[in-house]
């Protein structure tokens with residue numbers, strides 16, 4: 001079977017109605033960044049309850065969904081002060097691959 005090299009895919013504003021239409025993306029083993037909605041537009045699938053959690057469950061290799069990083073097995077250190085070169089990024093924290101909490105972390 002041929003390995004697909006596609007890493008980034010923007011499907012924003014494509015009228016994707018349900019999660020079933022995302023199933024073929026499972027074969028894209030190198031897919032790390034997927035956009036289904038942006039600040040301007042979104043697909044109907046984005047209105048499904050727990051949409052983000054469900055997409056991440058289907059596409060386990062995703063690192064970024066809709067411009068937000070997906071953090072798996074992230075170790076967060078407490079009491080770290082950001083410095084002037086640090087940049088905050090939005091992150092989806094996965095807990096037991098079931099619950100998701102949106103927050104920010106600082107990268108330096």
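In terms of the mean number of neighbouring beta-carbon atoms within 10 Å, the peptides 44-50, 56-62 order highest first as 56-62, 44-50. Shape call for region 1-59 from the C-alpha gyration tensor, a ≥ b ≥ c root eigenvalues: rounded (a/c under 1.5), prolate (a/b greater than b/c) or oblate? Prolate shape, in that a/c is at least 1.5 and a/b is the bigger ratio.
Sorted from fewest to most neighbouring beta carbons within 10 Å, what does the list 4, 32 look like? Working shown, then result.
Working: 4 12, 32 16.
The fewest-first ordering by Cβ neighbours comes to 4, 32.
Every number here is computed from the coordinates shown, using simple stated rules; none is lab data. Owing to the predicted nature of the structure, the values given are computational and were not obtained by experimental measurement. Counting neighbours? That spans all protein chains shown, and the Cβs are built from the backbone with ideal geometry, glycine included.
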